[in-house]
Structures are given as C-alpha cells and as structure tokens.
Amino acid sequence: MTPQDFDYLRKLLRERSGLVLSAEKQYLAESRLVPVARRHSIATLADLVGTLKTAENSRLATDVIEAMATNETFFFRDKLPFDHFRDTVLPALIAARAREKRIRIWCAAASTGQEPYSLAMTLRSMSAQLAGYRTEIVATDISTEVLARAKTGIYSQFEVQRGLPIQQLVKFFSQVGETWQIAPEIRAMVQFRPLNLLKDFSVLGTFDMVFCRNVLIYFDQDTKINVLNRIARQMAEDGFLALGAAETVVGLTDAFKPMADRRGLYVPNPAKRARAEPSNVLKFALKA
Amino acid sequence: MKTCLVVDDSSVIRKVARRILEGLDFKIEEAEDGEQALDACKRQLPEGILLDWNMPKMDGFEFLRMLRRLPGGDGPKVVFCTTENDVAHIARALHAGANEYIMKPFDKEIVEAKFQEVGLL
C-alpha cells in the first residue's frame, strides 16, 4: 500500500467512524483489509482504495470500517465496572426509580455481545431486588457483522473461559457441539442495534446507565469531547457512566464528574451539564 | 509467595502449567495423581490446586472429596483443569467443592482469569 493510499484510508476512517489510525499502523490496515478485498473480488489493496475513492458510501466502505474496528472483548471484562454496577449503580437506581420502576441501560460499543450479556446476567442474578421493575439493555455497535454474531449468543470454549465465572456458565449457557450458547431468556433482555457514535443517537432516548468502554481511546480529542457531551444529553440527571480503564472525562468535559472511590464510574455534573450545540452535532452527522 | 499444587499425570501439562503459574508468582509443587496430591496436602496445604480429572490411582474428583475432609482442607482454592468439558462434569465438580473449572486446552489468559476469579491473584 502506498503512503498516499494509507493516508486516504486514515482520513476515510476518521471521518466516517471517528477511528484514529496512527501512522505506524499500516501493517494492521494491510492485514485486515486483504480479506475484505478478497471478499469483494478485488485483486490488490491499491485497487481497493481506488474503488473506495469512486464510491465512499458503498458496502465496501462499510466493510473496510468494520474490518478496522477493534472488537476485543470478553465477559465481565475488567470485573470492577460490573462490581460497581451490582453494588453501587443498581441499588441506587432501584431506590431512585421506585415509582416508575423502569431502568434503561446502554452499551455503546457492544461488539460481540459479552458486555451486554454480562449486564443481563447480573440483572437476572438480582431478580429478587428488581421484582416489578422493567429493565432494558440497548446494545449498539458500528459493525453489523459483530452484532449479527452477538445476537446468536454463541461463543467458543475459549471465549466463555475469559472472565465468565464457571457458576454463571453452568447457570446461563447450554452446550451446542463445541460451542456454548447463552440462554434465550438472557438473549431476550438485550436489544442489539447498529449505531455509529458520530451520528445523532438522541433517538435512543434517555438512559440511567451508559457503558461506553474502550471505544473513546480510538477517537481523537474533539471526537471524544463531542461524543461525551452528547452522551450526557441522553442521560438521566442521576444516571451513571462507565468508561474503560484507560479512559476518563477529566480534561475533556465537565458534563460528568468522577465518582469518589469508584474508579471508572462517572456521574452527570448537573451544575455544568454540557449541551452540545445542535450545529456541532449536525457537523459530525454530516461528516459521518 | 503463594503455593500452588499442580496435579496432572501428563508431564507436559505440568510443565506448561508450572511455566504459566511461576510467571504469576506462584511457588509450584507437582503431583502425578490424586494419591501423591493427597500426600502432599497432608504434609502442607497449598493456597491453590490446579487439578486434572482423569488420572491413575486416584482421580481428581476422588482427590477433591478426600481433600475437603482433611483438617483445613476447605482452605485451598481448587481449579479443575480437564478435558471433561461437559456440563454434567462441571456441575459434579462444583458440587464436590471445586472453586473453578478450566476446560482444556487452556492458555495463560484463562489460567490468570480463573485464578483471579477465586481470589488467588
């Protein structure tokens, strides 16, 4: 791939998905895009870039973006956010929503489904405390391919052993040949939807808890700020935001503030709740 | 430094497990079957036990039952590590007092995750 072709790809990825691909990641682009070219019967990566330039909104462009997105995930990843969810967030929300009895959760980068299903299993394990409450998990991802996999709820033996306690495996999964499938009642608790975080997501409604983990790290500073401010607009004033271990709101926005003694957990800052200007959102939507 | 007893009749598996667990800062003891493992536990109980199921003389399931009857035998965290990968075996192991279960083949990430899960890391 020529440096010019690689620069074109980096620009396309950044504008369409917010993904920032650093200059030394050319090997990554080449290794991930060869299978895409093959699938589209395109002989070389130069031809792939040439085709992209003539049709930026094609299926090919979507496949390129999906191939470059990182989908690394596993059940109960990092453990701590799920402990916070069970021990801090849910008790607070159960008390605060005693009248409307409805709790809405958004996984903003759901990938192959391990995070939303981990939350669903946690909710199911707390069914006594949640009796009478309607819980909803909306799981979104830019890649339709990973969402299709997530919906099946089927995982390899390797995947179910990374982070999933054995008791949960026995309780919530059944064996299908060499693989494991999560129970239909857990799958039914999660709604999967394709979503590009650069585009307007106000249609999703208001959430009490947002998991937006390990996605902001791939965005540039302006995109991080824009996405965080727009997430703030979709959150209940007494809601919670969970970010990845390498992510923070500090230095980016004052729409959220870190929760004391709860690493990775943030709450809306009512005094300074940012309202992204509509023109700003539109600019991002148009770029996307 | 915590101690872990690796119980497996395969010297290759013991070697792989030793390398992974030493990398996680464990002091390793080895046993080739349940009888040897039980003798080792009678001498000194380890903090963790990585346990195969099918072994000559005494299998992992029988060893676990005997271990849990020893004075202080409920202390060690027992992680099965076996090719018996069906729900019935897993449920039986948990019922007998296993703390976690690794289905072979395994790698460092899985061992680390399971040892974290039972509080050994």
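The values are calculated or read from the model by the stated rules, or taken from the named source; none is laboratory data. In this text, all values refer to a predicted model and were calculated from it rather than measured experimentally. FYI the Cβ positions are ideal-geometry reconstructions off the backbone, even for glycines, and counts take in every protein chain you see.
Quick notes on this structure:
- Here the condition is being of a type in the set (D, E, K, R) and within 14 Å of chain A (Cβ to nearest Cβ); of B:Glu117, B:Glu22, B:Glu47, B:Glu32, it holds for B:Glu117 alone.
- Residues (under 19 Å from A:Ala110 (Cβ atoms) and surrounded by fewer than 21 Cβ atoms within 10 Å (Cβ to Cβ)) located in the stretch A:224-245: A:Gln234, A:Gly244, A:Ala245
- If you go through the stretch A:81-114 and pick out every residue that is buried (at least 20 other Cβ atoms within 10 Å of the Cβ), within 22 Å of A:Val203 (Cα to Cα) and either of a type outside the set (Phe, Trp, Tyr) or touching a Gly at 6+ places or on another chain (Cβ under 6 Å) (or both), you end up with 9.
- The one condition in (1) surrounded by 13 or more Cβ atoms within 10 Å (Cβ to Cβ); (2) outside the structural domain of A:Ile142 (by TED's automatic domain parsing); (3) farther than 30 Å from A:Val160 by Cβ; (4) not hydroxyl-bearing (Ser, Thr, Tyr) that A:Phe75 fails to fulfil: (3)
- Tallying residues that are at the interface with another protein chain (Cβ under 8 Å from one of its Cβ atoms) and in contact (Cβ under 8 Å) with a residue 12 or more places away in the chain within the stretch B:78-89 yields 1.
- If you filter the stretch B:90-114 down to residues that are facing chain A (nearest Cβ under 9 Å) and among the charged types (D, E, K, R), you find that the one that is surrounded by the most Cβ atoms within 10 Å (Cβ to Cβ) is B:Lys114.
- Qualifying positions in the stretch A:152-184 - farther than 15 Å from A:Thr122 by Cα, facing chain B (nearest Cβ under 10 Å) and touching a residue at least 40 places away in the same chain (Cβ under 8 Å): A:Val160, A:Arg162
- When the stretch A:130-167 is limited to residues that are in a strand (DSSP E or B) and not β-branched (Val, Ile, Thr), the one that is nearest to A:Phe85 (Cα to Cα) turns out to be A:Glu136.
- Cβ separations smaller than 6 Å between residues 6+ apart or across chains give the following pairs from the stretch B:99-118 residues that are on the phi < 0 side of the Ramachandran plot to residues that are of a type in the set (Lys, Arg) and part of a helix (DSSP H, G or I): B:Glu100/B:Lys114; B:Ile102/B:Lys114.
- Considering the conditions (1) of a type in the set (A, V, I, L, M, F, W, C); (2) under 23 Å from A:Gly205 (Cβ atoms); (3) not in a helix (DSSP H, G or I), A:Leu123 is excluded by exactly one of them, (3).
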